[in-house]
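The values are calculated or read from the model by the stated rules, or taken from the named source; none is laboratory data. These figures come from a predicted structure and were not determined experimentally. All Cβ positions, glycine included, derive from the backbone under ideal geometry; neighbour counts span all protein chains shown. The area values use the complete protein model at the heavy-atom level, side chains included, leaving out ligands, DNA and RNA. Shrake-Rupley method; radii C 1.70, N 1.55, O 1.52, S 1.80 Å.
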Amino acid sequence: MDTLAPGFADPVHDTQRAFRALMSAMAEPGRVFPLPAPLAPPAPLTPELAGLALTLLDFETPVFLDAPLARSEEARDFLRFHTGACEAHLNLADLK
């Protein structure tokens, strides 16, 4: 790993804004709600997926990473560092 891609510049407020955008999008399907902070995560993470991951995952959230993400050491390191979430087998991931 050369350098770790930065997460949110203002983690508390950017997370709050991203959560509000997510809740608004869920309440109004079909309407586009942009995420508040630009991100440049490692591939195959997209900025949108990374923003939602930084918003929803934490150290208490076991997460299953599908094959493209699981093969990307940079993406796994990004998620682990910025969220604290641990990688889990599909049967043990938090699917609630």
Next on the checklist: Show me the trypsin sites (Lys or Arg not before Pro) within segment 1-81 that DSSP assigns to loop and that have at most 11 other Cβ atoms within 10 Å of their Cβ.
Outcome noted: R31
Checklist entry - Can you work out ³J(HN,Hα) from phi for every residue in segment 62-67, in order, using Karplus 6.51 cos²θ - 1.76 cosθ + 1.60 and θ = phi - 60°, giving whole Hz and x for Gly and Pro? => result x, 10, 8, 9, 5, 3
Checklist entry - How about the chain: which chymotrypsin sites (Phe, Trp or Tyr not before Pro) there lie in a loop by DSSP and see at most 16 other Cβ atoms within 10 Å? => result F59, F64
Item to check | For segment 14-96, alpha-carbon Rg relative to the globular expectation (2.2 N^0.38 Å, N residues) | outcome: 1.11
Checklist outcome for this item: Relative contact order of the chain (C-alpha contacts under 8 Å, at least 6 apart) in percent is 28 percent
Item to check | Solvent exposure of the chain as accessible area per residue, Å², 1.4 Å probe | outcome: 68 Å²
